[in-house]
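Asker: Could you have a look at this structure, given as structure tokens, before my questions?
Where a number appears in this text, it was derived from the coordinates with a stated rule and is not lab data. Please read these numbers as outputs of a predicted model, since none were measured by experiment. Using ideal geometry, Cβ is built from the backbone for each residue, glycine included, and neighbour counts are taken over all protein chains shown.
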Amino acid sequence: MTRIGLPRLLLAPAFLGFAVIVLPVAGLLGRVDWAGLPALVTSGSALSALGLSLRTAAFSTLLCLLLGGPLALVLARADFRGLRLLRALVLLPLVLPPVVGGLALLYLLGRNGFAGQWLDIAFGVRLPYTTAAVVLAQTFVAMPFLVVSLEGALRTAGQRYEAVAATLGAGRWTVLRRVTIPLLLPGIGSGVVLSFARALGEFGATIAFAGSLEGTTRTLPLEIYLQRESDVDAAVALSLLLVVIAVVVIAVARPRAVEGLR
């Protein structure tokens, strides 16, 4: 198959775009205290924050999949008035500053929020400033990434295979389980990777809704922010650790998702 070349004029802006992304990371590498790096990233507070970040990001990604998957199916396959408004509301966390999302969660589920008051009175549950609050904050900001990936995959796949299966007598659940979900696997992989990476780096919504309690709500981004004020070398080392984890997650999982699209 003949490859179609790109206009040479695109190379310069493409290089500049690459530089905008890569050079700040290069600047970070230049500031790292390499001699003290092992001690900085294995301190008690660093390991506690890292473990909490990985656990909460995993739980929030699972929530994104369980809730965002059906939501993406509705957005891609349903047809009713108000669908465009629903899609706009679902994508709202993509454009909102995360701290606004955290405040919204706080005023909904906090002690003075109408849902928070009900949870407190009926079940004695107080979500703000708990590990569960971290998971909810991460889910709020990460779910749109999974929804966008799955909805795009559904629209690209179309409905012809599902229509054939229905014509052959397959029920709705059978079509979903045997046709739709297998077609969605590449999109699911891509969405899960993006959601996990976004949840892992979440800061604004977490600090507004969950606070910064060591061992309970202080994730790695919050630990970096706090260390920046008192120990710049530790903040830089933890920032590098977060960059490495994100790169590994994307490098390992993303190619498998892309390969499924071929």
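Asker: Where is the GNM fluctuation largest for the chain (alpha-carbon springs, 10 angstrom cutoff): W118, W34, W173?
Answerer: Answer for the Gaussian network model of the chain: W173.
Asker: Same structure, new question: 7 Å from Cα along Cα→Cβ at both R111 and L176: what's the point-to-point distance in nm?
Answerer: Result: 4.1 nm between the two label points.
Asker: Normalised by the number of residues in the chain, what is the relative contact order in percent for Cα pairs under 8 Å and 6+ residues apart?
Answerer: It rounds to 29 percent for the chain.
Asker: Given Cα positions, please report Rg to Rh for the stretch 146-221, the hydrodynamic radius being the Kirkwood one.
Answerer: Here the Rg-to-Rh quotient is 1.25.
Asker: Restricting things to Cα coordinates, could you compute the convex hull volume per residue of the stretch 90-156 in Å³?
Answerer: On the way: hull volume 6.4 nm³, N = 67.
Enclosed volume per residue, from the Cα hull, is 95 Å³.
Asker: Whole Å is fine, so just give me how far the alpha carbon centre of the stretch 186-237 lies from that of the stretch 62-88.
Answerer: After rounding, the separation between the Cα centres reads 27 Å.
Asker: What are the residues whose amide H is under 5 Å from the amide H of V125, where those residues sit 5 or more places off or on another chain and H is modelled from the backbone?
Answerer: The list, which skips near neighbours in sequence, is D120.
Asker: Would you mind counting up the charge near R87? Only other residues with Cβ under 15 Å from its Cβ, with Lys and Arg at +1 and Asp and Glu at -1. If you can, show how the numbers build up before the last one.
Answerer: Numbers: positive: R77, R81, R84, R155; negative: D79, E151.
Spelling it out: positives minus negatives among the neighbours equals +2.
Asker: Using a ≥ b ≥ c from the Cα gyration tensor of the chain (square roots of the eigenvalues), is it rounded, prolate or oblate, where a/c under 1.5 gives rounded and otherwise the larger of a/b and b/c decides, a/b for prolate? If you can, show how the numbers build up before the last one.
Answerer: Numbers: a/c = 2.14, a/b = 1.21, b/c = 1.77.
It is oblate, given that a/c is not under 1.5 and a/b is not larger than b/c.
Asker: Report ³J(HN,Hα) in whole Hz for each residue of the stretch 75-90, in order, from the Karplus equation J = 6.51 cos²θ - 1.76 cosθ + 1.60 where θ = phi - 60°; Gly and Pro get x.
Answerer: Working through the residues one at a time gives 5, 8, 10, 6, 9, 8, 5, x, 5, 5, 5, 4, 5, 4, 5, 5 Hz.
Asker: Further question on the same structure: In terms of the Cα gyration tensor, with a ≥ b ≥ c the square roots of its eigenvalues, is the stretch 1-119 rounded because a/c is under 1.5, prolate because a/b exceeds b/c, or oblate?
Answerer: Working: a/c = 2.34, a/b = 1.13, b/c = 2.07.
Judged from the Cα gyration tensor, the stretch 1-119 comes out oblate (a/c at least 1.5, b/c at or above a/b).
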